[in-house]
Amino acid sequence: MVTATAEEPILIKFSHVVAVDTPKGKAAEKFRDLAALYTHNRVRVEVYPNSQLYKDKEELEALQMGAVQMLAPSLAKFGPLGAKEFEAFDLPFVFSDYAALHKVTQGPVGRALLKGLEAAEITGLAYWDNGFKEMSANKPLRNPEDFQGLKMRIQSSKVLDAQMRAMGAMPQTMAFSEVYQALQTGVVDGTENPPSNFYTQKMHEVQKYLTLSHHGYLGYAVVVNKAFWDGLPADVRQQLNLAMTEATLFANQIAQQENEQALAAIQASGKTEILSLTPEQRRAWQKKMRVVHDQMAERIGKELLLSLYQATGFDAGP
Ligand code: LMR
């Protein structure tokens with residue numbers, strides 16, 4: 001049981017890997033402020049952005065050990081915990097827009113996935129949006145052939161690994177905090193992320209081209225250490241749930257705009273040339289990446305895949 005006194009608030013350390021000025025960074029601060037307000041300062045949330053405390057892999061271990069209480073890892077990073085189903089969110093072209101995505105994250109499929117985290121002693125509280133990923137390199141990426149032999153940084157998801165291989169590239173899993181330097185020094189040739197991450201990590205300064213492919217989605221699950229959460233006084237948990245509901249609305253309201261602004265800032269910097277795909281080029285990407293759905297069906301679970309297709313309206317035809 002976690003006890004609270006007037007002098008000693010309950011401390012929630014919230015660690016994450018992105019900049020403050022991103023959808024996740026801003027939503028974490030919103031939660032911090034609302035948690036103080038609704039609990040009348042019985043809870044203090046300390047937000048540690050930018051991999052200050054832990055990098056991707058370590059932060060999940062730290063959560064399980066109780067060294068931090070709250071995280072919001074990207075949905076592509078739950079595989080190492082045994083929650084491989086979350087990699088369904090990485091499937092190429094499965095969400096046509098935020099509305100299709102929300103049918104999953106705000107519906108029964110999303111809820112069931114969060115519930116599944118309990119096996120890893122983790123409680124899933126909410127989904128926070130970031131946005132749709134674009135693809136960068138030092139050469140223009142217009143056709144699948146352009147990927148041939150490129151080393152592309154990915155998050156630790158087997159679906160993303162398969163996606164890059166389907167395009168003829170060589171995927172390299174790497175912690176987010178190391179990407180800028182890897183791009184700068186040529187350890188990798190390119191990468192994928194929504195504009196907000198490109199811009200706030202200055203990746204656009206070390207990549208000559210950014211293709212607006214929107215080929216996949218990147219978002220987050222906000223998670224807490226289950227023992228910690230279950231041990232909170234019931235009224236405090238209820239107040240924190242309220243703070244989380246509001247922070248989630250906020251996160252999902254700002255995500256699209258944050259990405260649009262980041263893209264405009266990248267464009268204004270003049271450091272990266274922004275490329276659009278013709279409908280034909282886009283179809284070629286879709287066709288190449290389609291194989292990933294079949295390759296990963298077993299790993300993700302066929303039943304989940306069908307529910308996902310049903311919710312999003314993805315055309316799973318041959
Ligand atoms: C990445 O590693 O590229 C992203 O998951 C970072 C993040 O948390 O948005």
## Note on the structure
If we ask which residues in region 186-203 are more than 14 Å from the ligand (Cβ to nearest atom) and on the phi < 0 side of the Ramachandran plot, their number turns out to be 2
### Task
Hey, can you tell me all the residues within region 43-58 that are in a helix (DSSP H, G or I) and within 10 Å of the ligand (Cβ to nearest atom)?
56
### Task
Would you mind stating whether residue 186 is modelled with pLDDT of 95 or more, surrounded by 24 or more Cβ atoms within 10 Å (Cβ to Cβ) and more than 16 Å from the chain's Cα centre (by Cα)?
no
### Query
Which condition number in (1) over 18 Å from residue 110 (Cβ atoms); (2) in contact (Cβ under 8 Å) with a residue 24 or more places away in the chain is the one that residue 36 fails?
(2)
### Task
Take region 135-148 and flag every residue that is closer than 22 Å to residue 296 by Cβ and either touching a Leu at 6+ places or on another chain (Cβ under 7 Å) or within 13 Å of the ligand (Cβ to nearest atom) (or both).
135, 147
### Residue selected from region 22-42 under the condition within 16 Å of the ligand (Cβ to nearest atom) and over 15 Å from residue 11 (Cα atoms), by the criterion surrounded by the fewest Cβ atoms within 10 Å (Cβ to Cβ)
26
#### Entry: Subset of region 272-285 [surrounded by fewer than 15 Cβ atoms within 10 Å (Cβ to Cβ) and of a type in the set (Lys, Arg)]
283
### Query
Condition test on residue 162, is it away from the ligand (no atom under 16 Å from the Cβ), in contact with a strand residue (DSSP E or B) (Cβ under 9 Å, 6 or more places away or on another chain), among the small types (Gly, Ala, Ser) and more than 20 Å from residue 188 (Cα to Cα)?
no
### Task
Considering (1) surrounded by fewer than 22 Cβ atoms within 10 Å (Cβ to Cβ); (2) under 17 Å from residue 72 (Cα atoms); (3) of a type outside the set (Ser, Thr, Tyr), say which one residue 223 fails and leave the rest.
(1)
### Task
Could you figure out which of (1) outside any strand (DSSP E or B); (2) more than 25 Å from residue 264 (Cα to Cα) isn't true of residue 124?
(1)
#### Entry: residue 113 crowded, with 22+ Cβ neighbours inside 10 Å, modelled with pLDDT of 95 or more and of a type in the set (A, V, I, L, M, F, W, C)
yes
### Task
Would you check if there is a residue in region 146-154 being touching a residue at least 24 places away in the same chain (Cβ under 8 Å) and surrounded by fewer than 19 Cβ atoms within 10 Å (Cβ to Cβ)?
yes
### Message
Go through (1) touching a Leu at 6+ places or on another chain (Cβ under 6 Å); (2) among the charged types (D, E, K, R); (3) within 16 Å of the ligand (Cβ to nearest atom) for residue 85 and report which single condition fails.
### Response
(3)
### Task
Might you check whether a residue that is more than 9 Å from the ligand (Cβ to nearest atom), charged (D, E, K, R) and within 17 Å of residue 87 (Cβ to Cβ) occurs anywhere in region 149-158?
yes
### Those helices (runs of 4 or more DSSP H) lying entirely in region 135-201 with at least 1 residues more than 22 Å from residue 54 (Cα to Cα) and in contact with a Pro (Cβ under 6 Å, 6 or more places away or on another chain)
158-166
### Task
Test each condition in (1) among the acidic types (Asp, Glu); (2) open to solvent by less than 60 Å² (accessible area, probe 1.4 Å); (3) within 26 Å of residue 134 (Cα to Cα) for residue 46 and report the one that comes out false.
(3)
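The values are calculated or read from the model by the stated rules, or taken from the named source; none is laboratory data. Here the structure is a predicted model, which means the values were calculated and not measured. Note: ideal-geometry Cβ built from the backbone for every residue, glycine included; neighbour counts use all protein chains shown. Areas reflect the complete protein model, heavy atoms only, side chains present, ligands, DNA and RNA absent. Shrake-Rupley method; radii C 1.70, N 1.55, O 1.52, S 1.80 Å.
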